[in-house]
Amino acid sequence: MLRIAVMVSGGGTNLQAIIDAVADGRIHDTEIVRVISNKADAYALQRAKNSGIEAVSVTRSEYAERLDFDRALLKALEEAAPDLVVLAGFLVVLSPEIIKKYKGRIINIHPSLIPSFCGEGYYGLRVHEEALKRGVKITGATVHFVDEGCDTGPIIMQKAVEVRQDDTPETLQRRVMEQAEWKILPETIDMIARGSIRIKG
Ligand code: GRF
């Protein structure tokens, strides 16, 4: 049984996609053992509770020092003893300590086809605003392993989505979530649960 901890910051639609895929068998042999949010009011926490999944929040404002916050995040992960850490709309940069401890076992969903529109400051709607500004005809989403950099780890899976003439950042974000993110994140987790993903080199 693959034990996964899911880290969230917002609405939790990617978390919901994982919950639903576990429930209907598209993700095999997997248990979401904990949901961890850096925002106490993230609706993702409610989604976890609705599904009977343990949900905790670790917020920066509770700690005087960043180091203490990072340590609390690490502790919240260690308590869950996950095999895999899934960043699903999680907007905090993980500490080197966490990256080191879970190296090769942390995946992230990014709402573009990396290496386009990624890196510092590229998250949420900003990604889609930049894609529309550049005039790309195709965008999409990427699931990748997390390393010390920002959106730089080995790419696992990508899915392309068309950009429409009349798209706004909001309509594009929605299509990328519906047609790409909510599909490739559960699919990747299922492949990891089946032991069919290796990092080469
Ligand atoms: C989505 O655009 C996702 O790609 C990004 O965060 C946004 C919200 O995700 N990582 P969620 O609804 O909280 O899963």
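Every number here is computed from the coordinates shown, using simple stated rules; none is lab data. None of these values were measured; they are calculated from a predicted model. For neighbour counting, all protein chains shown are included, and Cβ atoms are generated from backbone atoms with ideal geometry for every residue, glycine included.
Less than 17 Å apart at the alpha-carbon level, and either on another chain or at least 8 residues along: which lysines does that give for K159?
K137, K183
Quick check: net charge around E79, other residues with Cβ under 14 Å of its Cβ, Lys/Arg +1 and Asp/Glu -1?
Working: positive: R3, R34, R71, K75, K101; negative: E54, E78.
After counting each charged neighbour, the total is +3.
Can you tell me, using C-alpha contacts under 8 Å and at least 6 residues apart, the relative contact order of segment 1-143 as a whole percent?
Computed value for segment 1-143: 24 percent relative contact order.
Per DSSP H run of at least 4 residues, take -39500 (n - 2.57); add these up for the chain, divide by its residues and hand me the 222 nm value, nearest 500 deg cm²/dmol. Provide the component values of the computation, followed by the final result.
Details: 7 runs with 70 residues, N = 201.
It comes out at -10000 deg cm²/dmol, rounded to the nearest 500.
Which three lengths, in whole Å and largest first, does segment 1-87 cover when its Cα atoms are put on their principal axes?
43, 24, 18
Evaluate the Debye formula for the chain with equal point scatterers sitting on the alpha carbons, no solvent, and hand back log10 of I(q)/I(0) at q = 0.10, 0.17 Å⁻¹, in q order, two decimals.
-0.39, -1.17
Net charge within 14 Å of I189 by Cβ-Cβ distance, Lys/Arg positive one each and Asp/Glu negative one each, not counting I189 itself?
Values: positive: R3, R26, R105, K183, R194; negative: D20, D24, D29, E31, D83, E181, E187, D190.
Local charge sum for I189: -3.
Using a cut-off of 20 Å between alpha-carbon atoms, which lysines can reach K39, once sequence neighbours fewer than 8 places away in the same chain are excluded?
Correct list for K39: K49, K75.
Summing Lys, Arg as +1 and Asp, Glu as -1, what charge do residues with Cβ under 9 Å from the Cβ of A141 carry, A141 excluded? Write out the running numbers ahead of the final one.
On the way: positive: K159, K183; negative: E181.
Computed value for this residue: +1.
Give the separation of the Cα centroids, segment 81-97 to segment 118-141, in Å.
Centre-to-centre distance over Cα atoms comes out at 22 Å.
If you build the Cα gyration tensor of segment 45-147 and take the root of 5 times each eigenvalue, what three semi-axes come out, in whole angstrom, biggest first?
Working: eigenvalues 155, 50, 44 Å².
Here the semi-axes work out to 28, 16, 15 Å.
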